[in-house]
Amino acid sequence: MDLRILIELPLLFFSIICHEFAHGAVAERFGDDTARAMGRLTLSPWPHIDPFGTVLLPILCVLTNAPLFGWAKPVPVNARLLTHRPMSLVLVSGIGPAVNFLLACAAAALAAIAARLGLGGTNPLLYQVLGYMVLINLYLMVFNLLPIHPLDGSQVVAALLPRDWLSRYEGLAPYGFIIIMILMMTGLFGRLISPPVYLLYSLLM
């Protein structure tokens, strides 16, 4: 197996688990303990595994030589239990992408420190790992901010939309997964999110 895959897979799993854990932790902070009650408020990977997003999709990415990508099973959130709505809904939905951005920034900072200490030349694998960490988390962040149900961006948009627009927007929810699959199969997915990802990557790295 390609060394790149052996590096990227653990980084991907770690990043998506941190993403989902953050949703549950912030939801609990605002009064919804559903994630904890269902055993999902944990950094253990097993409760978060989604058969398609965590297993099949990364395998397809490897087989097709596409950028490694995936997602975990969404952490359950009961919006009716949240206090301080709609701002709490925005924070619960937005914290996942925010955590991915923070992980990307942390990895970029470590890469900068390694370069400053002259470790990039003596240990190129370290710099490669940190570069993958930045790229994976930027992809997760930008992807999840798309306003397509059930991605985090759609929850943020729904929380901020006026009530007369909300019902129309939520009417698109049953087609969200189909829209995502069409974007991925037609190549529009990469064209849509790769430019902002690589712009941020160039700024961080």
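Taken together, the values in this text are just the output of simple stated rules run on the coordinates, not laboratory data. Model, not experiment: these values are computed from the prediction. When we count neighbours, we look across all protein chains shown, and the Cβ atoms used for this are built from the backbone with ideal geometry, even at glycine.
What the table shows:
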{"item": "Gaussian network model of the chain, springs between alpha carbon atoms under 10 Å - residue of LEU57, LEU138, LEU172 with greatest fluctuation", "result": "LEU172"}
{"item": "The chain: calculated mean residue ellipticity at 222 nm from DSSP helix runs of at least 4, using -39500 (n - 2.57)", "result": "-21500 deg cm²/dmol"}
{"item": "Nearest-ten-degree value, helix 188-204 long axis tilted from longest Cα axis of the chain", "result": "60"}
{"item": "Volume of the Cα convex hull of the stretch 103-205, divided per residue and given in Å³", "result": "107"}
{"item": "Tilt relative to the chain, helix 3-29 - C-alpha long axis, 0 to 90 degrees, to 10", "result": "30"}
{"item": "Fluctuation leader among ALA108, ALA79, ALA35 - the chain, Gaussian network, Cα springs under 10 angstrom", "result": "ALA79"}
{"item": "Simple Cβ-charge dipole of the chain, Lys/Arg +1 and Asp/Glu -1, about Cα centre, in debye nearest 20", "result": "180"}
{"item": "Additional length obtainable on full extension of the chain from LEU6 to ASP164, 0.36 nm per residue less Cα span", "result": "52.0 nm"}
{"item": "Rounded to 10°, Cα long-axis angle of helix 87-116 versus longest principal axis of the chain", "result": "10"}
{"item": "Stokes-Einstein diffusion coefficient of the stretch 79-128, Kirkwood radius over Cα pairs, 37 °C, 0.692 mPa s, in µm²/s", "result": "247"}
